[in-house]
Amino acid sequence: MWHGTPWRNVVALGFLAAVLAACSTLPYRVAPAKSVQRALEDAQQSEPGSKAMSVGLCYNRVDSTPRQLLAKARQICPSGNAVFQDSDILWTPCSLQMPERATFVCMPAPGTGAQ
């Protein structure tokens, strides 16, 4: 079945795994939109105790629903509480297969008293 040296087989399997991973249509994490990052930095300067964070996810509209994106953002946020802020398609770090980026802000968990 396999011909050649064992290293060739390992390289071939690695290449096949990389190709299959590149074809995945699951949303994946990237840097959030700079406009949202700047707004959070400004908020942190005015409220030094604030520890807000943002999350960017690449996706495509055919394979990803808003509910799936929100669930993925909630998994990434430390509090599990994510709020959608923005979506963009131009000049994103996303792939051609997953060209759109959704940006979420991680909010404090409800009932923690943090603002």
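The numbers here are math on the coordinates, done by the rules we state, and not lab data. Keep in mind the model is a prediction, meaning the values are calculated, not measured. Quick reminder, even Gly has a Cβ in these numbers, built from the backbone with ideal geometry, and neighbours come from all protein chains shown.
Around the amide H of residue 86, modelled in the peptide plane, lie the amide H atoms of 103, all under 5 Å away and 5 or more residues distant in sequence or on another chain. The magnitude of the dipole of region 25-106, with charges of +1 and -1 set on the Cβ of Lys/Arg and Asp/Glu and taken from the Cα centre, is near 240 debye. Other residues whose C-beta falls under 13 angstrom from the C-beta of residue 56 contribute a net charge of +1, scoring Lys and Arg +1 and Asp and Glu -1. The modelled label-to-label distance between residue 44 and residue 29, using points 7 Å beyond Cα along the C-beta direction, is 1.6 nm.
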